[in-house]
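The values are calculated or read from the model by the stated rules, or taken from the named source; none is laboratory data. Quick caveat, the model's predicted, so the values are computed rather than measured. Note that each Cβ is placed from the backbone with ideal geometry, even for glycine, and that neighbours are counted across all protein chains shown. Remember, those area values only see protein heavy atoms, side chains included, never the ligands or the DNA or RNA. Shrake-Rupley method; radii C 1.70, N 1.55, O 1.52, S 1.80 Å.
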Amino acid sequence: MLSAQLPVLSLLIFFPLAGCVALFWLGDEKKVRVFTLAVSLVELALALPLLGFRLGEAGFQFVEHAPWVASWGLAYYLGVDGISVLMVALTVAILPLCVLCSWSYIASRVREFHFCLLFMTSACVGVFAALDLVLFYVFWEAMLIPMYLLIAVWGGPERRYASIKFFLYTLAGSTLLLVAVVALRIAGGTFAIPELMQKGYSFDFQYWVFLAMAIAFAIKVPMFPFHTWLPAAHVQAPTAGSVLLASVLLKMGTYGFLRFCLPITPAGAEHFAGLMIIISLASIIYGGAVALGQSDIKKIIAYSSVGHMGFVTLGIFVFNLRGAEGALFQMLNHGITTGALFMMVGAAYERSHSREISDNLGLGKYLPAFMGLWGLFAFSSFGFPGTNSFVGEFLVFLGAFQRQAWVGFAAVPGALLAAAYMLRLTQRMAWGEPSSVSGWPDLNFREWAYLLPAAFFVLYIGLMPGVFYKVMDASLQNMLSLMQRPVAHYDAPPAPQKSGGLLQAAGLAGREGGR
Amino acid sequence: MDFRPELVISESFQFLVVAALFFQSLLYKVVSIRMRSWLPWVAGLGVAVNLFCLNTQGTMFYGSYQVDQLSQYFKVIVALGFFFASLNATRQPTLPHEKRYDYFLFMALSAWGLMLMASAVELITIYLALELSSYSLYAILPLRSKDRQAAEAGIKYILFGAVATALALYGFSYILATQHTSYLATLAIYTWTWADSPLAVVGLVLFLGGMLYKLALFPFHFWAPDVYQGASNETAAFVATLPKLGAMVVLIRLGALLTPGLEITHLLAILAAVSMTWGNLGALAQRDVKRLLGYSTVAHAGYMIMGLMPGNAEGLAAAGFYALVYVLMNLTCFWVLSRVAADGRNLYLEDLNGLHRRSPAMALALAVGAFALVGLPPTGGFMGKLFLFTAAWGHGYDWLVIVAALNAAISIYYYLNLVRHAYTQDQPGREPAAQPEPRFSAFWAGALALLLLFLGVLPGPAFNLALRAGEALLKLGG
């Protein structure tokens, strides 16, 4: 098979980086935009070999392996399975849309902006494709810098506050992830993720490693008590920043749960499942309730993200196939639908120069195409049958009821809330008393170009989800079976001298210790 | 006399630099050559010479002076640091013209002392090399026009330094009295538990104190922020980086004596933890960028000590690698400070506002330096931290790794502040006409930033050198 020899994933990671470098030689703003668009389309074409993904195989495909720092066991190890291939595809597909939706929105420092976009893309693809813990961590952190700059330089009036909050929250969360990485290396003897998934660890070890990883991922998702950075970042970020944030970055948190927490520390995950389910339910209800009270359109969508991601984590922590499928579907769906909604808010903002609902009333009469698409995405957002989110939410509900009935029932108000705030918003935008909209043009060609692909996938996944099942099922089943492996009663190779650390240090002048 | 010149090519080269500076200092009324026209290039040649001598090995002076992989590795870093520091200092606005030659003479002398220190494997030799490098620093610290703070910084450094040295000598006497040798190789055979020889332990702790003073580890850290603040930007760049190398190389050699579980190791672990926390918390409150970097040094001293905890080759190598990264990160930040403060004043965070418009290259270099100090990939700072954490985990000091990780979280705020001021805050009112950046400063800032990124993406070559050094050291000492 040709695609097996071609280093597809490396190309996907390094091609945008090469594009970044080339940007420095382009002076003209227009040229920069066209060039970046071209790069993003070529990147999309480079992802085509991923269509050769062999369905029904649980293992990793398109694997690339090369030593990196051999003396420390670091490897350049890439590969995708049914979970990550979808995320890689989503990341690559979002890039051209981001370029298009910032075509006229971003007017200053255009080159640097597109530099950040391309850099983000390579880091995000890297996160989903990395199979070496350290490589994963490198991409995971590297992506923070361009995202910080996207918010801090091109953001709204409160951008300084929002960007620093985003940066501090996520980086502080992931410092303990690094400790977990180190601990796994010592206990498992390798940085390679597929091998670490096969090993057994003691319960105590799993308990602490799960906690260290879960905090990092929960902040990224974000789950309920850690969500406060998200609305600030979403509202202040430029459109493309919001789209990337919603479509790709938030997925990294849930991807982390699927890739690390469940297969590597199953006993820890099982132990904390109740708590995680309750937090997920809290996110769903809280996100919906707060969204109901907002008057800023972007804030409504930001809080709706908290609710939607709550569904994803709920699906993950019910530990059954339906739930996991639903979670993965919701990750995709949220990326498409919420990304599209953010792009539409950006388009509305370019006309009204306001994100308040009250300044965007009555668009239905003058901007029918705009409102029609908005309606589609809004319906998709609360899971209307026939749209993509219905499939995902339905599966999550199925999984939740399979686990315990009360879990399923507790999530129902969340779905109702979603319908409430989305319909209320849509109604006012479509039929409200018009606020000086008569002069605004309807969607132009560029806007059609970035909204139609999203609309297509909303309906495609909604009506024919079959092929996606086939892609993800084998890997998810494999993941769930890995969770069944027994807890080890030892902590891998015992350290040469395991002293009590602090306890012993406290008895500093004592007689213990020594060679 | 047991002297083999072929072993000490790199030191000899540095000595020739010192000698040349000495003669120029004597004859400056007769021949006056501009410093910047020759010194940096000779220092750059020195880096090449040191790289060339990387594989030299042997001992001389009856085993008190040892040229091995560790010493050669550190000599390369000293040469590299001296190159950048002297390049930086040639454009020093606050240096009185007539003292120019003496300044560089002492700077080169100090670097020479550090090179000797890298090879010293006997306590008296270590002590002599330490003093050689310190005395030169005492002389250059107050050289900042007629600045009173600089004088204060000089006095502080001398007084604290003298006390620390006295303590080290006192400790040395204990070691000699109880173990009857001053050779590290022999000392490594003894056990260093409190139970076996309490006096030796006390002596070693006191001797370590002298090194920890150079490293600015808690509780010997008080001088760092004040001295950096008082000294000129360029002098601070030197003081903040190179002397730490001397301290680190000696600590790594002594690290071969330490095993996990010893009282001294526990003590060092606690000091490291306190040092990180203290330094990071102190830095949070700073407005003066040099004071901020001073406190950050205290925190980084704590990180570096982590490498000594496990007492194996990996740990020592991690510490050695981190020393290299540390020097480069700080030189990058100080380079930017020195260039931005064209009149040589102290910079406050607000002075960095809008730097990305005034000089994009400086802002970018500062961002790389700051993110490296945080330990963010893809910079060398991340790789350094990863190596340190991995080495220290699983030897009974897991709590120290967790403390270090939490400290990294604290430190994000103030390092990010540097970037935030440079990138997101514009100077109100003054919309600066983008003046063309001097090629010189942009080029070398870029070189430093690229080096940091290179160490982050491909740490292999440098790290393997450190690892070989660590392995050789343990084979010899153990």
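For the range A:460-467, backbone phi angles converted through the Karplus equation (6.51, -1.76, 1.60; θ = phi - 60°) give residue-by-residue couplings of 4, 5, x, 9, 10, x, x, 5 Hz, Gly and Pro being listed as x.
Heavy-atom accessible surface of the protein assembly as shown, averaged per residue, reaches 33 Å², computed with a 1.4 Å probe. Taking a ≥ b ≥ c as the square roots of the eigenvalues of the Cα gyration tensor, the range A:91-166 is classed as oblate, since a/c reaches at least 1.5 and a/b does not exceed b/c. Note on the range A:358-450: dipole from Cβ charges, positive end direction compared against A:391, A:360, A:426; the farthest Cα belongs to A:391. Please report the spacing between the Cα centers of the range B:366-432 and the range A:465-487 in Å, no decimals. So the separation of the two Cα centres works out to 37 Å. Rounded to the nearest 20 debye, the dipole size of the protein assembly as shown about its Cα centre is 1260 debye, using +1 on the Cβ of Lys and Arg and -1 on the Cβ of Asp and Glu.
Between residue B:475 and residue B:52, the FRET efficiency estimated from the beta carbon spacing at R0 = 22 angstrom works out to 0.35. Here's how it looks for residue A:61: its modeled amide H is under 5 Å from those of A:80, A:81, which are all 5 or more places away or on a different chain. Here, the range A:2-480 has an Rg and a Dmax of 21.2, 69 Å when only alpha carbons are counted.
Could you state the angle between the C-alpha long axis of helix B:148-179 and the longest principal axis of the C-alpha atoms of chain B, as a value from 0 to 90 degrees rounded to the nearest 10? That helix lies at roughly 10 degrees to the long axis.
Chains B and A together bury roughly 4500 Å² of accessible surface, counting both sides and using a 1.4 Å probe on protein heavy atoms. Of all accessible surface on chain B at a 1.4 Å probe, what whole percent is carbon and sulfur? Here carbon and sulfur together make up 69 percent of the probe-accessible area.
Here each label is just a point 7 Å from Cα along the line to Cβ, and for residue A:54 and residue A:442 those points are 5.0 nm apart. Modelled spin-label separation between residue B:185 and residue B:20, with each label point placed 7 Å from Cα along the Cα-to-Cβ direction: 3.5 nm. Summed over qualifying helices (DSSP H, 4 residues or more, each -39500 (n - 2.57)) and divided by its residue number, chain A shows a 222 nm mean residue ellipticity of -22500 deg cm²/dmol. Computed about the Cα centre, the dipole magnitude for the range B:5-477 is approximately 1080 debye when only Lys and Arg (+1) and Asp and Glu (-1) carry charge, each at its Cβ. Between 0 and 90 degrees, the angle of helix A:110-129 with respect to the longest Cα principal axis of chain A falls at about 40 degrees.
In terms of its C-alpha gyration tensor, the range A:31-116 comes out oblate, because a/c is 1.5 or above while a/b does not outweigh b/c. Would you please state which residues of the range A:283-301 a label at residue A:424 would reach in this model, taking the label point 7 Å out along Cα→Cβ and a backbone N cut-off of under 14 Å? Counting only backbone N, you get A:286-297, A:299-301. Taking all Cα pairs closer than 8 Å and separated by 6 or more residues, the relative contact order of the range A:1-91 comes to 28 percent.
Peptide B:394-406 shows a mean partner chain C-beta count of 6 within 10 Å per residue C-beta. Residue separation of residue A:70 and residue A:452 scaled by 0.36 nm, minus their Cα-Cα distance, works out to 132.8 nm of gained length.
Each residue of the range B:126-131 was assigned a 3J(HN,Hα) from its phi angle through the Karplus curve 6.51 cos²θ - 1.76 cosθ + 1.60 (θ = phi - 60°); the sequence is 4, 4, 4, 5, 4, 5 Hz, with glycine and proline shown as x.
Mean partner shielding of peptide A:173-182, defined as the number of other chain Cβ atoms within 10 Å of each residue Cβ, is 6. Within the shell of other residues whose beta carbon sits under 13 angstrom from the beta carbon of residue B:88, the net charge comes to +2, with Lys and Arg scored +1 and Asp and Glu -1.
For residue A:132, nonlocal amide neighbours, meaning residues 5 or more places apart or on other chains whose placed amide H falls under 5 Å from its own, are A:77, A:193. Quick check: the distance between the Cα centres of the range A:323-339 and the range B:161-197, to the nearest angstrom? If we compute the Cα centre of each part, the gap is 65 Å. Over 31 Å apart at the Cα level, from the set A:220/A:470; B:99/B:290; B:290/B:385; B:29/B:290; A:30/A:470, are B:29/B:290; A:30/A:470.
Summing Lys and Arg as +1 and Asp and Glu as -1 over all other residues whose Cβ lies under 15 Å from the Cβ of residue A:117 gives a net charge of 0. Between residue A:199 and residue B:9, the simple label model (points 7 Å from Cα in the Cβ direction) yields a spacing of 4.4 nm. Accessible surface ranking for B:29, A:220, 1.4 angstrom probe, highest first: B:29, A:220. For residue B:325, what charge total do you get from the other residues with a beta carbon under 13 Å from its beta carbon, if Lys and Arg give +1 and Asp and Glu give -1? Neighbour charge sum, excluding residue B:325 itself: +2.
Scanning residues 5 or more positions from residue B:67 or on other chains, those with amide H under 5 Å from its amide H are B:58, B:59, B:60, with H placed 1.01 Å from N in the peptide plane. Placing unit charges on the Cβ atoms of the charged side chains and taking the dipole of the range B:24-151 about its Cα centre, the candidate lying farthest along the positive direction among B:43, B:33, B:123 is B:33.
Figure legend: label point modelled 7 angstrom from the Cα of residue A:109 along Cα→Cβ; residues of the range A:223-264 with amide N under 17 Å from it are A:236-242. Loop-located chymotrypsin sites (Phe, Trp or Tyr not before Pro) in the range A:1-70 (DSSP state other than H, G, I, E, B) with a sparse environment of at most 16 neighbouring Cβ atoms within 10 Å: A:24, A:25.
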